[in-house]
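J.: The structure under discussion is supplied below as structure tokens; questions concerning it will follow.
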Amino acid sequence: MSVVGTISAPAAEFRLGRALSVAGARIELERTVQRDAPLTAWVWTDDPEGYLAELESRDVEGVHCEERVDGGLRCSVASLGASDSPELFDAFGDVGLTLLSAEGDDRTWEFCVRTAANGDLTKLRRVAAERAIPVEVSRRPASDGAVCAALTAIQRETLVAAYHEGYYSTPRTATLADLAERFDVSPRAISQRLRRGVGNLVEATLPVE
């Protein structure tokens with residue numbers, strides 16, 4: 001039986017956080033990230049030009065923002081180059097954790113991970129301490145595990161709000177514009193969150209060939 005856990009770490013304490021985190025921007029990593037595979041990062045910011053300028057000033061290599069979306073950017077992270085300092089993602093791989101989802105800002109990131117052994121989360125805490133990487137590790141209740149694996153926090157919050165406001169009711173009592181006003185983003189950004197969230201739930205909970 002797999003175990004689902006949550007790992008929290010300061011943005012400044014791992015390579016990806018230092019590279020991508022900018023004040024005023026929130027980052028979501030695409031679900032189901034495998035070690036050494038390219039990552040897809042959704043960057044939600046009111047100032048895409050300022051975000052790109054900040055990355056350029058940091059001379060970040062391996063990050064390509066391929067698509068502009070309403071409310072932010074879609075970026076591909078192929079590689080962040082070598083580093084002499086211990087890396088959080090290396091610790092995940094060494095312990096045998098699978099990264100399911102991640103999101104963060106310029107202060108803190110939260111990772112949802114899965115492992116096959118109960119002791120692996122304890123082992124990660126020990127490995128991170130040995131490498132001087134400050135983390136907080138907690139095990140998720142079984143009922144929360146599937147949702148953690150399928151959704152980022154903002155996707156879950158948006159889906160729950162859409163349900164309570166009546167977006168899924170018949171007749172519909174809330175529109176994308178209503179939800180956009182609540183979250184202070186555009187209707188298109190809300191539509192994208194709902195579409196990705198529902199898609200992730202279907203993939204995680206239903207047999208899909």
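Every read-out reported here was derived from the displayed coordinates using simple, explicitly stated rules and does not represent laboratory data. Predicted model, so just to flag it, every value in this text is computed and none were measured. Here Cβ is always computed from backbone atoms with ideal geometry, including for glycine, and neighbour counts include all displayed protein chains.
J.: Taking the Cα centre of region 153-205 as the origin, how large is its charge dipole in debye, to the nearest 20, when only Lys and Arg (+1) and Asp and Glu (-1) carry charge on their Cβ atoms?
T.: 160 debye
J.: Calculate, in nm to one decimal, what residue 12 and residue 90 gain on full extension: separation in residues at 0.36 nm each, minus their alpha carbon distance.
T.: Additional length available on full extension: 26.5 nm.
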